[in-house]
Every structure is written in C-alpha cells, then in structure tokens.
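Reviewing the structure listed below.
The values are calculated or read from the model by the stated rules, or taken from the named source; none is laboratory data. Values in this document were obtained by computation on a predicted structure and should not be read as measured data. As a convention, Cβ positions derive from the backbone with ideal geometry for all residues, glycine included, and neighbour counts pool all protein chains shown.
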DNA sequence: ACTTTTTCGGTACTAAAGTATGATGACAAA
DNA sequence: TTTGTCATCATACTTTAGTACCGAAAAAGT
C-alpha cells in the first residue's frame with residue numbers, strides 16, 4: 001500500500017527531475033551568450049529548488065497532528081453500591097453459622113423460623129444467637145440488627 | 001515517530017537526487033571534457049536549496065490541532081436522598097404515637113426503653129406496639145422493622 | 001491416637017415480647 | 001348532655017427471646 005505510493009512518488013520525482021534537467025539545459029542554452037546572467041540563473045535555480053523542496057516536503061510529510069486532550073467531566077450518579085464492610089466483619093470474628101443466623105435475624109425471622117430454615121433445633125439457634133450477641137456486644141436481636149446495619153456487615 | 005521516517009525518506013530522495021546529478025555531471029564531464037563547472041555549481045545549488053526547502057517546510061509546517069474530547073467519568077456518591085414514602089405511610093393509618101414508637105423500635109429499643117423514653121408505662125407501649133403490629137400486619141418487632149424499612153416509611 | 005476446636009443439642013430458668021380484655025379520663029362532635 | 005373516639009394504664013396470660021451451664025459428636029490439628 002505505502003510501497004505503491006512511494007513508488008509512484010519516485011516515478012513522479014524522477015520525471016520532474018528529468019524535466020528540470022531539460023529546462024536547465026534550455027535556460028543555459030538560451031542565456032549562454034550573456035555571461036553575467038549567471039547570478040540570475042543561479043538565483044532562479046535556488047528559488048525554484050527551494051520551492052520544489054518545500055513542495056516535496058509538504059507532499060511527503062504526514063501532517064503534524066497535535067492532539068489536545070480536553071477532559072470533559074461527566075458526573076455519574078452511582079447507584080449506592082452496597083459493599084459489606086469486611087474489616088468490621090472480621091473484627092467481630094463471627095463464624096459462618098453465626099453470620100448466617102445474623103442475616104436471617106435481619107430479615108425478621110424468629111428463632112423457630114431460623115431453626116426450621118437451617119434444619120437445626122431451637123436450642124442450637126438460641127446458643128448461636130447468644131454467642132452472636134456476646135460477640136456483637138448487644139443484648140437483643142433488634143440491637144444486633146441495627147448494629148449490623150450500622151457497621152454495614154449485612155445488607 | 002512518523003516525522004522521523006518521513007525525514008529519512010526526504011534524505012533518501014535528496015541523496016538519490018544528488019547522486020543522479022553527480023552521475024550526470026560525471027558522464028557529461030567525461031565525454032565532453034568541456035569547461036562546464038557552471039553545471040556542477042548549478043546542480044549543487046539545486047541540491048542545496050532543495051534540501052533547504054524541505055527543511056524550511058518541515059520547520060514551518062503548522063501542526064494541525066486536533067481537539068480530542070475525552071469524557072472523564074466522575075462518580076458521585078448520591079447521598080441516598082431518603083424520602084419517606086408518604087403514600088404507604090398513610091395507607092397504614094398509624095397515629096402519631098404508633099409512628100413514634102415504630103421509629104424507636106427500628107432503633108433497637110426495647111419496650112421498657114421506649115416507655116422510659118416517652119414517659120409512658122410499659123403497658124401502654126405494649127398496647128401501642130400490638131396495635132402497630134395489627135395495622136402493619138406483622139407479628140413481631142423485627143418483622144415490623146424490616147417491613148417499615150422495605151416500605152421506606154422510616155429511615 | 002490424642003487433644004482441641006467447632007458445631008450441635010439439651011435442660012432449666014429469667015426476661016422480654018406479644019395477646020386479650022377491660023377500665024379510666026380527656027376531648028371533640030352530635 | 002350524651003356519644004364516641006383515643007390515648008393511657010392495668011391485669012392476666014401465652015409465647016418468644018435470651019442466659020447459663022452442660023454434654024455429645026464431628027472436624028481439625030498435633
């Protein structure tokens with residue numbers, strides 16, 4: 001792709017070069033009689049080739065693109081993404097059962113409900129709940145729920 | 001980057017041009033043995049000014065300023081603008097006391113706490129709470145709390 | 001194989017929550 | 001004045017929650 005383009009350029013420049021040489025010869029022949037026309041001749045050549053150089057350069061040089069990055073601030077309302085506070089959760093050092101029960105507590109389930117849900121006896125739930133309260137430093141399920149929500153350890 | 005590559009091309013073309021001119025001159029000189037120092041001089045001028053033109057062009061080339069607008073997302077924590085669901089609240093038809101008690105319930109207070117807080121007897125709180133449950137169609141304080149939060153009638 | 005820890009379950013008891021019913025006084029509407 | 005509603009309080013009772021202490025089985029270290 002670029003190779004073809006380059007080849008075309010080369011051909012073009014070759015042709016231009018040829019024409020220039022002939023033109024040069026023609027001018028030289030025409031002003032041959034006048035010896036002091038050399039300066040004018042050289043000047044013309046200089047001007048012409050300078051222009052040629054500029055033209056070649058503009059043709060060859062890919063346009064300089066100066067990218068100006070303008071940061072447009074878009075305010076996005078974040079949908080309150082809930083993330084459990086792992087730090088606080090680990091501080092409490094709850095085991096999996098206790099945490100499971102805490103979540104069910106927060107849903108408003110009674111001990112009996114939880115027992116049925118987890119296929120455990122009411123006694124077991126009671127002990128788990130009591131241990132949970134000790135670890136959370138509360139004395140009732142409602143306090144446990146509110147505290148858990150405050151600490152963001154449950155949804 | 002690409003500029004350098006282009007420059008290399010230019011140099012290459014310039015060299016080819018120069019070599020061609022010199023080759024031409026050499027051939028001319030060899031076969032004609034004429035005093036044609038003028039041609040060499042003109043060729044040199046041509047080559048020099050071509051290169052000069054190219055150089056000038058690359059220097060003068062104004063960079064195209066391309067403005068790229070980058071959208072930068074800024075996440076804003078929406079302050080969870082809580083608004084109590086007045087509609088649902090009116091549906092429940094709670095009186096001021098019951099609603100007051102509901103709010104205290106949600107904070108994890110016991111009946112005794114609420115009684116002390118509102119300067120009422122435990123009995124009164126119990127009746128209010130019971131009536132509240134009837135209106136909310138629940139059977140325990142935890143259910144009442146979760147339902148109230150679901151309906152967004154309390155914070 | 002042994003300890004230790006975790007998990008589960010039980011008993012017994014106390015405390016709190018929840019239900020049912022009724023009484024009292026205040027206060028507004030008829 | 002009477003009526004009715006409402007908030008308050010009480011009694012009596014049932015249910016649930018919570019505490020304390022203990023024991024057994026399973027899992028996990030050692």
Per-region count, region B:125-153, residues under 44 Å from the mean Cα position of the chain (by Cα) and either buried (at least 20 other Cβ atoms within 10 Å of the Cβ) or over 21 Å from residue B:88 (Cβ atoms) (or both): 5
Subset of region B:132-155 that is out of contact with any helix residue (DSSP H, G or I) (no Cβ under 6 Å at 6 or more places or on another chain) and farther than 20 Å from residue A:143 by Cα - its residue that is farthest from DNA strand C (Cβ to nearest atom): B:137
Top-ranked residue in region B:90-124 [being within 14 Å of chain A (Cβ to nearest Cβ), assigned to a helix (DSSP H, G or I) and within 9 Å of DNA strand C (Cβ to nearest atom); ranked as surrounded by the most Cβ atoms within 10 Å (Cβ to Cβ)]: B:105
Subset of region A:126-147 (residues that are more than 17 Å from residue B:104 (Cα to Cα), assigned to a helix (DSSP H, G or I) and more than 8 Å from DNA strand D (Cβ to nearest atom)): A:128, A:131, A:132, A:135, A:136
Among the candidates A:56, A:76, residue that is modelled with pLDDT under 85, away from DNA strand C (no atom under 16 Å from the Cβ), within 11 Å of another protein chain (Cβ to nearest Cβ) and not in a helix (DSSP H, G or I): A:76
